[in-house]
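Scroll down for the structure; my scribbles are underneath it.
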Amino acid sequence: MSTAHVVMAGILLLVLGILYLLVASRGRSGTYKLAAGVAAAAALLLVWGNLAVGFIGSEDNPMNLLYGAVLAVGLIGAMLAKLQPLGMARAMFAAAATQFAVPFVALLIKQPELTMGVLWVTVLNTIFAGLWVLSGWLFRRAGVAGVELGR
């Protein structure tokens, strides 16, 4: 691993750690904090995996840049939700839908031959979309619990 990769990994961990602390500090419940942790882990694994090996082809494949949309949807959604749990849930569900759509958009753009590689990318994206859904479900639970408690 080169020095540039180590520096990039360190910066990535620092930024995501700070974002997690910012988001988790807004929630009172453990469920909210767990939801923020799942979202941070999904974002970390998404970026790290793409920088290391790439999800679509190699890490040099420009189609991997489409995954930036997943992070943008989650981040913009979180800002619009003002980090409130039910809004965060919607933002995470939107990130899940975006994650799931990326390989299909890439297929439309590149129109490659359908191989086991395409199936693998679809399975991998479904797993990542599941992480975003899990985070959204946890945020939703935190929001519903907060409403029931009058928060």
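The values are calculated or read from the model by the stated rules, or taken from the named source; none is laboratory data. It should be emphasised that the depicted structure is a prediction, and the values quoted were computed from it without experimental measurement. Every residue, glycine among them, receives a Cβ derived from its backbone with ideal geometry; neighbour counts consider all protein chains shown. Each accessible area value is taken on the protein alone, full model and side chains, heavy atoms only, with ligands, DNA and RNA left out. Shrake-Rupley method; radii C 1.70, N 1.55, O 1.52, S 1.80 Å.
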Query raised in the report: Filter segment 20-47 for residues that are among the hydrophobic types (A, V, I, L, M, F, W, C) and open to solvent by 70 Å² or more (accessible area, probe 1.4 Å); which is nearest to Gly77 (Cα to Cα)?
Result: Leu22
Query raised in the report: Which residue pairs have Cβ atoms under 6 Å apart, sit 6 or more places apart or on different chains, and have a first residue in segment 6-32 that is closer than 15 Å to Leu71 by Cβ and a second that is assigned to a helix (DSSP H, G or I) and of a type outside the set (Gly, Ala, Ser)?
Result: Leu12/Val47; Leu16/Leu44
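Tally the residues that are in contact (Cβ under 8 Å) with a residue 24 or more places away in the chain and either among the acidic types (Asp, Glu) or surrounded by 19 or more Cβ atoms within 10 Å (Cβ to Cβ) (or both), restricting the search to segment 67-82.
Going residue by residue through segment 67-82, those that are in contact (Cβ under 8 Å) with a residue 24 or more places away in the chain are 67, 69-71, 73-74, 78.
Adding the requirement that they be either among the acidic types (Asp, Glu) or surrounded by 19 or more Cβ atoms within 10 Å (Cβ to Cβ) (or both) leaves 67, 70, 73-74, 78.
So the count comes out to 5.
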Query - Members of segment 48-99 that are over 16 Å from the mean Cα position of the chain (by Cα), closer than 24 Å to Arg28 by Cβ and among the charged types (D, E, K, R) - result: Lys82
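Tell me, please, whether a residue that is of a type outside the set (Lys, Arg) and within 11 Å of the chain's Cα centre (by Cα) can be found in segment 103-126.
yes
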